[in-house]
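Trainee: Would you mind keeping the following structure in view while I ask a few things?
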Amino acid sequence: MAFNAVKEKYRSKVGEVTLGATKEQGGTRGYTITVGGEGALPFLHFEGEIPNRPVVALEVWDHAPADWNACFDSYFGDVYNDAAAWAKKCVEEYGADLIVLRLKGADPDINDASPEDCAKVVKDVLAAVECPLVVLGCGKEEKDNQVLPVVAEETSGENLLIGVAEQENYKSLTAACMVHKHNIIAQSPIDINICKQLNILITEMNLPDDRIVIDPTIAALGYGLEYGYSIMERARNGALQGDKMLGLPMIGNVGFEVWRTKEANASVEDFPAWGEQEPRGILWEATTATALLQAGMDIVVMRHPKAASLIKQNIEELMVANEV
Amino acid sequence: QDEGLAEGYAIKPVCRKVKLSLTEPTLTENVSDWNRLQAALRSELDCGEIHIALPVLRELAETLRAGDWDVTVTVAQLNGCAEVVHLEPGHSDRKSFGLAVDIGTTTVVVYLIDLDSGLTLGKKGTYNKQARYGDDVITRMIHASDKKGGLQDLHKAVIDTINQLIDEVLEQSQASGDDVHMAMVAGNSTMTHLFLGLTPKYIRLEPYIPLAAETPPVRAEELGLNINPTAFVATFASVASYVGGDIVSGTLVTNMAQSDEITLFIDIGTNGEMVLGNRDWLMTAACSAGPAFEGGGITFGMRAMKGAIEYVEIDADTYEVKVSTIGKMKPMGICGSGLIDCLAKLREVGLIDRAGKIQTDLDTPRIRQGDDGWEFVLVFGEETECNKDIIITENDIKNLLRAKGAVYAGIRSMLKAVQLDEEVIEKVLIAGGFGNFINIRDAISIGLLPDLPPEKYRFIGNSSVKGARLSLLSQDAYHEAQELGKKMTYLELSVGNDFMDEFMSALFIPHTDMTLFPSVTNLK
Amino acid sequence: MGLTGLEIFKQLPKTNTGDCGFPTCLAFAMALAAGKTSLDKCPHVSEEAKEALGAAAAPPIKLVKVGTGDHAVEMGDETELFRHDKRFYHPTALAVLIEDTEDVAARVAAFDELEFDRVGLHFVTDMVALQCTSGDGAKFKAAAEAVAAGTQKPFVLICEDVAAMETAATAVADKKPLLYAATNDNYEAMTELAKKLECPLAVKGNGLADLADLVEKITKLGYKELVLDSGNRETSQVLADLTQIRRSAVRKRFRPFGYPAMAFTTKDDPMEEVVQAGVYLSKYAGMIVLKASKKEEILPLVSWRQNLFTDPQKPIQVEAKAVAVGDVTPDSPVYITTNFSLTYYIVEGEVEGSKVPAWIVPVNTDGISVLTAWAAGKLTGDSINKALKENDMESKVNHKTLVLPGYVAVLSGSTEEETGWKVIVGPREAAGIGKFAKDNFGK
Ligand code: B12
Ligand code: SF4
């Protein structure tokens, strides 16, 4: 019985989304990044084209995070209070492909920063780095509805990726992204149907599907990672089988989720059976990311520089063509 | 159309009169009257055991002699046995009638049938009097099992309902109840239980087991039906707790089990039962759609009666609405087909989004906040029969989405279980009172029914009572129905996640997988 | 996957006798297609059909066992490509590499202590992979004996030199180690040895086509306790190989690949190694040999393994535990709902939106909706009472008033009776909770 490779014939492929705009394109970025476009399951080069590699982003906040693990101090302690410098360091020293700027300071319970202040931070970061930028709100619906449209307007033409739009709250952000030419993150709560619904609702507001990135919501390793993994895997299968509303690149907030867990943060003194804290945290983050990459994640948002570089290397190795 | 039998069945009623001339007994030829009758019957009929009930037996001696050993025997033949249900002296030409009965949770229908000619002499329907103990089956089950005398209440209520209808059909066709010798009764499992006075308690509770799936024939007087007391009453076997004899009976009239074509048969009532298959295999499921399409649980929902809105037109720019009602009266409410139409139109003009949310930023006084959240006014009070604004609320819409989602998810789950695609379905037969009126295009555009070419769809009305009639008139058909019940493979939707996955994908207009609805064009 | 239910059904008698324990032949066929029963349960199936269905009835991937006793490791017997379709059954075995040139006893002792407790679960590494680096049969044998003495857990003997393998393996054959590996050069002798010692045998090919040939040759020699290694070591290629092996077996029932597959990490840096192993763990390795052995390195891997091999078919439900939404006080209202996740999250969203902090008590209804649960007798005064008690609601609030979903207003009486709490009937749809909360509990 001779071996005949089983190659799937897919009906469709994932759509591509380009982030950032160069001068010629009406923005100020040094380069753009295109994600998506896969014509096969993750890294199965033998059966379809994988034109863009997944990219690794590092997370930057607009104010010094109060509760990050002390192990981050040696990497970011000097730039915590300066988002622009922080971003620059992420790109230049830690090799981030792009930056995810989280406007935590807008949270009414934190700094209650005004939309204008937020827009200024975004512009500062844009000025400091050449890479495309992802901007996330503070997570409080009402405030984000005030902040993000202003950010979108003030950075018009930069082709940012802005998030997040949710099922109950997608209209104002979608409208802002449309008018000011940005991309949007459509976030759904680990539910493939809501994920599709939201994408349909957004495209029906006439934002083209090549400007939507899916955040199907993920959980950290040990906290339901398998749910996010399966949703991504189902979405990717669906996309290849022709479901356009799943055929969009996916983003995962790996660092954010992982560094909330006890496993990443607990000291070796408290949990001797778990080994050293920092390498454990790094590997907790890297393992979460490596698993999700196998499910189809396109934009990996990391927090620890070491974990980010491990994942970048992993992606590089997986982008080497394989054949059967 | 109604008067014909389904293809492949000839008239050979399960109950008919046989005229016999017995040889008179002598001193040497001295078997008993009953043996004599049996021997004569056996030479006329192809049957196994012959039974007779005591009250009939009591009449035997005198009847035989009164007719001078000529006798007319009314025999019911079921399951290979024969039952003598009535005797008349001499060779009688009195007609004999049968009843075909459909006991629905909401409505009960009775047909009076001439067992010789096969003609339907009268048809009557009315609401099930059990409704006073609860609108839905579950409330009734609870009443029957938890209230003292509850079972009796419900049993009596359904018998009263049927008796009322019997009186009406008899009067309509000037017939006498004494001449009714057979009744064929189809109903869902709970209704069949209550009709026979059996407790439905355990149908409701895990692991959802009926007291009996196959129920024996009984005599009219045991139930108190207003027909000849010795008349035979047969019921259809059910397949599962929520797929009853009404579905078996309905499947019979579809003829799907005689065909190579894969057919989907759906009874869109409260429970949304469906059968998929062909000559080789049959699968069935109950998707539990709920009563929304019968108007239940919808603010202005109503059954398809005079005054019910059945079509809606909405202007895409002004959002002005035009409605038309059954009987061209002032509107009173909206019936199932009207609701489907309404949902389709609301979506078409963008008044609701695909998730069923009312678009509150649109400029029209018809959108407003009410007691139940956002609502859309279909007809303002001055134009309605009830002088109240007829509205559809966001909650109503959600309810409709659940109902249509459950039906579509049921269909998908069955297809998935046999790993077939929608395209293999050659025919879709829709039964159910409301089924008759739905607009297929609308139903597809909201994602209630699969996106198949409209010519594949057909309405077959109340298939349950039609199946009962067919079984009454054809022994072969009755036999086939018994077999069908055994042949159907029941798919339990509450096991595993497949149904729920499908259900959640279907809570959207038309569906979150738009590729399943290629003919539904993208609208605003 | 193999044959579909209908394809199998065509071969059955279609007489619906029920002797197989299923009500109809179709039900039996579907169960068979799903791997939930076996063909021999039908006494009426014809010889012809048996033949035709033979492959469909056999598991696509053979179950292979390494080691003995409680710690024996089972691999294979998987039927799926994606865990969202149905669960994966046999968690990837993690084997820690030890060389015979090291202090084997000490390393084995350290290995044996690699255990973790997390969220009430106990994790261990499964195997030792002992490599013959010395090239010396006697040394390898001594090392093998040290492993056998040092741990109950099974092990792999890595050595392509048949003579050295024989020396070591014979000494510890009763522990049923996995012999690694039969290659093109040694397969006859290696297979002979595995057969004689009744130990499972790893087959190392030179790429997939070669591996398939080699497996065929070995099975012709009459041995089928096999574990597959494509021989490739580049991450990307190994991913492709593992995927092909799994797919060919599951989708095409390609017999030579109907065995569990294994992978080796290649990185020197333990962190890189963990990431590389994460790829193989996600995609179909039945076993991974790695060098990393520190707790912080192994813990993420065993945790991912645990997550990946959970059953995805559990009903979509939330834990039936009372949840405080917002800054609750002892005066906060108590809402009753079910633990069906769709229901629960809709209600939670609305309670949150109402801005009135409150407790939500999801009653365990086996994950079904309010009305379905009422219909099935799972949402009752009694079950509500149980939920209040189990969540100790009496000590969480200082009142005894609860809010019932409007759809089950009929339960008010029995609920008040069973619980002794006063019932307020809420709105029917959760969307009404905002207004309801303001009207009833707003200041
Ligand atoms: C899907 C479904 C099923 C699925 C199960 C789904 C599941 N996991 O629950 C299946 C197919 C398995 C099923 C089975 C049955 N079902 Co069913 N099912 C439905 C259906 C279509 C939707 C239910 C649903 O998911 N609703 C969505 C959730 C979110 O709604 P919900 O839980 O009620 O929550 C809402 C409100 O109650 C409220 N709310 C919830 N909690 C709270 C709390 C507070 C404080 C407040 C204020 C509000 C509130 O807010 C929510 C959103 O607005 C309905 C009909 C319909 N159109 O609604 C029938 C329905 C519920 N089922 C029904 C029945 C009878 C059954 C069965 C007993 C029999 C049958 N027909 O098959 C079986 C038995 C169940 C079993 N085996 O255990 C009946 C119920 C009773 C009745 N009135 O007759 C219904 C109404 C349909 C009908 N035939 O009339 N069913
Ligand atoms: S035992 Fe065989 S013939 Fe009988 S129902 Fe089962 S599969 Fe059909």
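Just so you know, all these numbers are worked out from the coordinates, no wet-lab data involved. The model shown is predicted, which means the values in this text are computed figures rather than measured ones. In this analysis, Cβ positions are derived from the backbone assuming ideal geometry, glycine residues included, and neighbour counts consider all displayed protein chains.
Trainee: Along the charge dipole of the protein assembly as shown, Cβ charges K/R +1 and D/E -1, which of B:ALA61, C:PHE309, B:LEU493 sits furthest on the positive end?
Mentor: Positive-most Cα among the choices belongs to B:ALA61.
Trainee: To check you understand DSSP bridge types, tell me what percent of the beta bridges within segment A:16-318 (both residues inside) are antiparallel, rounded to 5. Show your work: numbers first, answer last.
Mentor: Numbers: 5 of 32 bridges.
Percent antiparallel among DSSP bridges in segment A:16-318 is about 15.
Trainee: To make sure I understand, if each residue's beta carbon is the centre and we count other beta carbons within 10 Å, what order do A:ILE202, C:ILE245, B:ILE440 fall in, fewest to most? Provide the component values of the computation, followed by the final result.
Mentor: On the way: A:ILE202 24, C:ILE245 30, B:ILE440 20.
Result, fewest neighbours first: B:ILE440, A:ILE202, C:ILE245.
Trainee: Test of the criteria: in segment B:47-146, which GluC sites (Glu not before Pro) are in a DSSP loop and have at most 16 other Cβ atoms within 10 angstrom of their Cβ? Don't skip to the answer; put the middle values down first.
Mentor: Numbers: sites: B:GLU49, B:GLU59, B:GLU62, B:GLU83; in loops: B:GLU49.
Loop-located and lightly packed - B:GLU49.
Trainee: Within segment C:168-265, report the GluC sites (Glu not before Pro) that DSSP leaves as loop and that have at most 13 other Cβ atoms within 10 Å. List each step's numbers first, then the result.
Mentor: On the way: sites: C:GLU188, C:GLU192, C:GLU198, C:GLU216, C:GLU225, C:GLU234; in loops: C:GLU198, C:GLU225, C:GLU234.
Loop-located and lightly packed - C:GLU198.
Trainee: Hey, if you put +1 on the Cβ of every Lys and Arg and -1 on every Asp and Glu Cβ in segment B:300-394, which of B:GLY336, B:TYR319, B:VAL349 ends up farthest toward the positive end of that dipole?
Mentor: Sorting the options by dipole projection puts first B:GLY336.
Trainee: In terms of the ratio Rg/(2.2 N^0.38 Å) built on C-alpha atoms, what value belongs to segment C:139-257? Each step should come with its number before you reach the end.
Mentor: Working: Rg = 14.7 Å, N = 119, 2.2 N^0.38 = 13.5 Å.
The reported ratio for this selection is 1.09.
Trainee: Got a sec? How would A:LEU19, B:LEU362 order by Cβ neighbour count within 10 Å, fewest to most?
Mentor: Lowest to highest Cβ neighbour count: B:LEU362, A:LEU19.
Trainee: To continue, here is another question. Please report Rg (one decimal) and Dmax (integer) in Å for the Cα set of segment C:323-441.
Mentor: In order Rg, Dmax, the Cα atoms of segment C:323-441 give 12.7, 35 Å.
Trainee: Using only C-alpha positions, report the orientation-averaged shadow area of the convex hull of chain C, nm², one decimal.
Mentor: Numbers: hull surface 109.4 nm².
Across all orientations, chain C yields a mean hull projection of 27.3 nm².
Trainee: How would you rank C:LYS378, C:LYS355, B:LYS404, B:LYS328, going from fewest to most other Cβ atoms within 10 Å of each one's own Cβ?
Mentor: On the way: C:LYS378 18, C:LYS355 11, B:LYS404 28, B:LYS328 8.
Lowest count first: B:LYS328, C:LYS355, C:LYS378, B:LYS404.
Trainee: Past 19 Å, Cα to Cα: identify those pairs from A:LYS244/C:LYS86; B:LYS124/B:LYS466; A:LYS244/B:LYS456; A:LYS140/C:LYS396; A:LYS306/C:LYS267, in the order given. Intermediate values should be presented prior to the final figure.
Mentor: Details: A:LYS244/C:LYS86 25 Å; B:LYS124/B:LYS466 13 Å; A:LYS244/B:LYS456 28 Å; A:LYS140/C:LYS396 28 Å; A:LYS306/C:LYS267 16 Å.
Beyond 19 Å between Cα atoms: A:LYS244/C:LYS86; A:LYS244/B:LYS456; A:LYS140/C:LYS396.
Trainee: Counting only C-alpha contacts under 8 Å and six or more residues apart, can you give the relative contact order of chain B as a whole percent? Don't jump to the answer; show the numbers that get you there.
Mentor: Numbers: 1171 pairs, mean separation 74.8, N = 524.
It comes to 14 percent, rounded to a whole number.
Trainee: Calculate the length of the line joining the C-alpha centroid of segment B:111-153 to that of segment A:274-310, in whole Å.
Mentor: So the separation of the two Cα centres works out to 65 Å.
Trainee: Find out how many positive minus negative residues lie around C:PRO43, taking Lys and Arg as positive, Asp and Glu as negative, among other residues whose Cβ is under 15 Å from that of C:PRO43. Each step should come with its number before you reach the end.
Mentor: Values: positive: C:LYS14, C:LYS41, C:LYS50; negative: C:ASP19, C:ASP40, C:GLU47.
Summing Lys and Arg as +1 and Asp and Glu as -1 gives 0.
Trainee: Please compute, over every Cα-Cα pair in segment B:15-89, the percentage with a separation greater than 17 angstrom.
Mentor: Numbers: 1026 of 2775 pairs.
Counting pairs separated by more than 17 Å, the tail of P(r) holds 37 percent.
Trainee: Just the number: Rg to Rh for segment C:5-56, Cα atoms, Kirkwood Rh, two decimals. Intermediate values should be presented prior to the final figure.
Mentor: On the way: Rg = 9.3 Å, Rh = 10.5 Å.
Taking Rh as the inverse mean 1/r over Cα pairs, Rg/Rh reads 0.89.
Trainee: For C:SER414 paired with B:ASN439, estimate the spin-label separation in nm (one decimal), with each label point 7 Å from Cα along the Cα-to-Cβ line.
Mentor: Placing both labels 7 Å beyond Cα along the Cβ direction yields 4.3 nm.
Trainee: Mind jotting down the distance between the C-alpha centroids of segment C:241-277 and segment C:87-125, whole Å?
Mentor: When both Cα centres are located, 19 Å separates them.
Trainee: Give the separation of the Cα centroids, segment A:1-35 to segment B:345-383, in Å.
Mentor: Each part reduced to its Cα centre gives a spacing of 41 Å.
Trainee: In a shell of Cβ-Cβ distance under 13 Å around C:LYS14, excluding C:LYS14 itself, what net charge do Lys and Arg (+1) and Asp and Glu (-1) give?
Mentor: +2
Trainee: In addition: Taking the dipole about the Cα centre of chain C, with the C-beta of Lys and Arg at +1 and of Asp and Glu at -1, give me whichever of C:THR219, C:LEU197, C:VAL104 is farthest to the positive side.
Mentor: With unit charges placed on the Cβ atoms, the residue in question is C:THR219.
Trainee: Let me ask something else. Filter the trypsin sites (Lys or Arg not before Pro) in segment C:11-109 down to the DSSP loop ones having no more than 13 other Cβ atoms within 10 Å, then list what survives. Working shown, then result.
Mentor: Numbers: sites: C:LYS14, C:LYS36, C:LYS41, C:LYS50, C:LYS62, C:LYS65, C:ARG83, C:LYS86, C:ARG87, C:ARG107; in loops: C:LYS14, C:LYS36, C:LYS62, C:ARG83, C:LYS86, C:ARG87.
Of the trypsin sites (Lys or Arg not before Pro), the ones in loops of segment C:11-109 whose Cβ has at most 13 other Cβ atoms within 10 Å are C:LYS36.
Trainee: While we're on this one: In chain B, once you exclude exposed chymotrypsin sites (Phe, Trp or Tyr not before Pro) (DSSP loop, at most 16 other Cβ within 10 angstrom), what's the longest stretch remaining? Kindly include the intermediate steps, with their values, before the conclusion.
Mentor: Details: sites that count: B:TYR208, B:PHE380.
My reading of the result: B:1-207 is the longest stretch.
Trainee: On the principal axes of its Cα set, how long, how wide and how thick is segment B:412-523? Give whole Å, largest value first.
Mentor: That works out to 52, 34, 22 Å along the principal axes.
Trainee: List the relative contact order of chain C as a percent without decimals, with contacts defined as Cα pairs under 8 Å and 6+ residues apart.
Mentor: Values: 870 pairs, mean separation 49.9, N = 443.
In percent, rounded to a whole number, it is 11.
Trainee: Rounded to the nearest 20 debye, what is the charge dipole size of chain A about its Cα centre when +1 sits on each Lys and Arg Cβ and -1 on each Asp and Glu Cβ?
Mentor: Values: 28 positive and 49 negative charges, 171 e Å.
In total the dipole reaches around 820 debye.
Trainee: Further question on the same structure: Return the Rg/Rh value of chain A, two decimal places, where both radii are evaluated on C-alpha atoms and Rh is the Kirkwood radius. Could the numbers behind the result be given before it?
Mentor: On the way: Rg = 19.1 Å, Rh = 19.8 Å.
Expressed as Rg/Rh, it is 0.96.
Trainee: Continuing with the same structure: At 0.36 nm per residue, and after removing the present C-alpha to C-alpha distance, how many nm does the segment from B:ASN30 to B:LYS486 gain when stretched out fully?
Mentor: Working: separation 456, 0.36 × 456 = 164.16 nm, distance 4.48 nm.
Length difference between fully extended and current span is 159.7 nm.
Trainee: When the C-alpha atoms of chain B are aligned to their principal axes, what extent does each axis show, in angstrom, from largest down?
Mentor: For chain B, the Cα extents along the three principal axes come out at 99, 50, 44 Å.
Trainee: How long is segment B:216-304 along each principal axis, judged by its Cα atoms, biggest number first, in Å?
Mentor: 44, 40, 23
Trainee: So what's segment B:300-394 giving for Rg/Rh, alpha carbon basis, Kirkwood Rh from the mean inverse pair distance?
Mentor: Numbers: Rg = 12.3 Å, Rh = 13.2 Å.
Rounded to two decimals, Rg/Rh equals 0.94.
Trainee: When the Kirkwood radius is taken over all Cα pairs of the protein assembly as shown, what Stokes-Einstein diffusion coefficient follows at 20 °C and 1.002 mPa s, in µm²/s? Mind showing how you got there, number by number?
Mentor: On the way: Rh = 34.9 Å.
For the chosen part, D equals 61 µm²/s.
Trainee: Rg and Dmax of segment B:97-245, Cα atoms, in Å?
Mentor: 14.9, 48
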